[in-house]
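The values are calculated or read from the model by the stated rules, or taken from the named source; none is laboratory data. What you are looking at is a predicted structure, and each value in this text was computed from that prediction instead of being measured. Don't worry about glycine lacking a Cβ; one is built from the backbone with ideal geometry, like all the others, and counts go over all protein chains shown. The accessibility values were calculated without ligands, DNA or RNA, using every heavy atom of the protein model including side chains. Shrake-Rupley method; radii C 1.70, N 1.55, O 1.52, S 1.80 Å.
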Amino acid sequence: MGIRESHTFSAWKWLGFVSAVWVQTISGNNYTFSNYSDAIKTLMNLTQLQLNNLSVAKDVGKAFGLLAGLASDRLPTPVILLIGAIEGLIGYGAQWLVVSQKIHPLPYWQMCIFMCLGGNSTTWMNTAVLVTCIRNFRRNRGPVSGILKGYVGLSTAIFTDLCSALFSDDPARFLVMLAVIPFAVCLVAILFLREIPQSTSVAAEKEEARYFAIFNIVAVVVAVYLLTYDLIGSTNQVFSLVFAVILLILLASPLAVPIYAFVKSWRLVGFEADMERQQPLLKEETTSPPAETKEIITEVAAAASADDATVLVEKTKPVIGEEHTIMEAMRTWDFWVLFTSFLCGVGTGMAVINNMAQIGLALGHADVSIFISLTSIWGFFGRIISGSVSEYFLKKAGTPRPLWNAASQILMAVGLLLMALALPGCLYIGSIVVGMCYGVRLAVTVPVASELFGLKYYGLLYNILILNLPIGSFLFSGLLAGYLYDAQATPTPGGGNTCVGAHCYGLVFIIMAMASLIGFGLDVLLAIRTKNIYTKIFNSRKPKKSLAASNGQ
């Protein structure tokens, strides 16, 4: 491959990553239920338990993400994106028809189906994006996960603030945005997002690090911009329009990276002939060590099979850190420790996110949009910081990533206890802490799963872990929060109920804090069990860099 072709591939890879960022920017619509849940509850005369079960139906849609995981190994990325776009258009479109009263409220079971479709749409989008980008940037899995998951966290704030600025928090128009915008963005991403052959050179790795730093800076600017708008609020229509225009410009600004990469590739056309004349000697030098290594491995394997057949049988069973099939992964203790700790983290977070509207009203806040936006923005900071920080400490000291999950679980427990005490301002602090810790869990668990069990079947493995979202939603939101809230609530005329006071969710928060502490213990256990794996990852990167440096001299 010529130098120009190599850089052109790199430019297309970054263009695909920008389109992936845009998809993640609109795929957090599953976390926006609190923005229109009150309208559904009023129109359909639902109790809190019935409303929470609707939110569970939304999250159950993620359980069918197993289909997306299976499809990711068989279908091209554009097809997976298209399926998610169509599902979202149908699911959220039907909810808009109900909330806008274009049609009479649908039967409860039909609303559950459309909620499920809307929830499932994001699994196709997320699977297409994460699997493709992690395979394209294997050496920077932490930053990739942090950036992409970070924009999912910002998605709720972006939708909420745009609706507040342009449509005065109208729930019907909000649902139009959830139906139409993701559909349009996915159609654009279909053109650019696909797997690209990756470069293994040290120079390419350093270039990736520089570009990821740019993406991180842009994402932080977007988050601070949204937070500033939340604190200032909309003053008039002109101010709101200016806010929306600047936000769209900021979201489009990452295009500068692939544009620069394309310009760089064309500048190298004049140098390609000279480089290709030197290429045979360079190839001979750089490719000889891997060839020798392969010969040594072959000889050792042959000797092992000749000396002892049982050793060969033992080698067929992968160890942690190697490629696993789904069944092989599920037969390990490490998988179930990761699965259960993930449940404790995301289940409690989902319960707070899904019930934020009712939690705010119970604690005396008539407008809860600020808390929904705070949870989203600080969820972004949790995702993007944990992705980059965990990668930094892994490369510098071999620190096991699960330790960052453990830290987030402790902080989550503190935030939940603060909300249980219902002190003044507790919901501001609680929404920030819960959002940040929930973001850490999602961003760190993605690369952990790939490092422990490999990338070959990663699409399906990721969606099995994501089953924790509907399971956690059902256990903590549908059952725990729903039953305990209804036990304290007062019936309202015409159906439904309401509850005001700290007692409405106090016991719910305490039980979820205990679950977070269990998750902390499991994450510490996983960090201890996988310490050797992360030490090997740390050590394996040093020889590669030294070898590349010596070849370059």
If I go through the range 409-431 residue by residue, how many of them are open to solvent by 10 Å² or more (accessible area, probe 1.4 Å) and either among the hydroxyl-bearing types (S, T, Y) or in contact with a strand residue (DSSP E or B) (Cβ under 7 Å, 6 or more places away or on another chain) (or both)? 1
Mind telling me which of the residues V444, V448, V434 ends up being of a type in the set (A, V, I, L, M, F, W, C), within 30 Å of G501 (Cα to Cα) and either crowded, with 24+ Cβ neighbours inside 10 Å or out of contact with any helix residue (DSSP H, G or I) (no Cβ under 6 Å at 6 or more places or on another chain) (or both)? V434
Return the residue satisfying two criteria in turn: it lies in the range 356-373 and is part of a helix (DSSP H, G or I) and open to solvent by 10 Å² or more (accessible area, probe 1.4 Å), and of such residues it is nearest to N29 (Cα to Cα). I372
What pairs can you find where one residue is in the range 506-527 and assigned by the TED database to the domain that holds V346, the other is open to solvent by 40 Å² or more (accessible area, probe 1.4 Å) and of a type in the set (S, T, N, Q), and their Cβ atoms are less than 6 Å apart, with a gap of 6+ or different chains? L522/T340
Only one residue in F174, F159, F137 is more than 27 Å from F243 (Cα to Cα) and outside the structural domain of V448 (by the TED database). Which one? F137
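Every residue, every condition in (1) of a type outside the set (S, T, Y); (2) touching a residue at least 12 places away in the same chain (Cβ under 8 Å); (3) on the phi > 0 side of the Ramachandran plot, yes or no:
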| residue | (1), (2), (3) |
| --- | --- |
| L97 | yes, no, no |
| N120 | yes, yes, no |
| V129 | yes, yes, no |
| V152 | yes, yes, no |
| T156 | no, yes, no |
Test A172 against the criterion of being touching a Leu at 6+ places or on another chain (Cβ under 8 Å), part of a helix (DSSP H, G or I) and on the phi < 0 side of the Ramachandran plot, and give yes or no. no
Taking the conditions exactly as written (in a helix (DSSP H, G or I) and at pLDDT 80 or above), does I296 satisfy them or not? no
May I ask you to verify whether L191 is at pLDDT 90 or above and outside any loop (DSSP other than H, G, I, E, B)? no
Picking from I86, I80, I90, which residue would you name as being buried (at least 24 other Cβ atoms within 10 Å of the Cβ) and either over 27 Å from Q488 (Cβ atoms) or of a type in the set (D, E, K, R) (or both)? I80
Options C116, C163: the member that is surrounded by fewer than 24 Cβ atoms within 10 Å (Cβ to Cβ), part of a helix (DSSP H, G or I) and in contact with a Gly (Cβ under 9 Å, 6 or more places away or on another chain): C116
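Okay, residues lined up against (1) closer than 16 Å to L251 by Cβ; (2) of a type in the set (A, V, I, L, M):
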site	(1), (2)
S155	yes, no
A165	yes, yes
A172	no, yes
V176	no, yes
A203	no, yes
E208	no, no
V220	yes, yes
D230	no, no
When you scan the range 1-76 for helices (runs of 4 or more DSSP H) that lie fully inside it, which ones turn up with 2 or more residues that are modelled with pLDDT under 85 and either open to solvent by less than 10 Å² (accessible area, probe 1.4 Å) or not assigned by the TED database to the domain that holds V180 (or both)? 48-60, 65-72
For the range 77-100, the count of residues that are outside any helix (DSSP H, G or I) and either over 15 Å from F114 (Cβ atoms) or among the charged types (D, E, K, R) (or both) equals 0
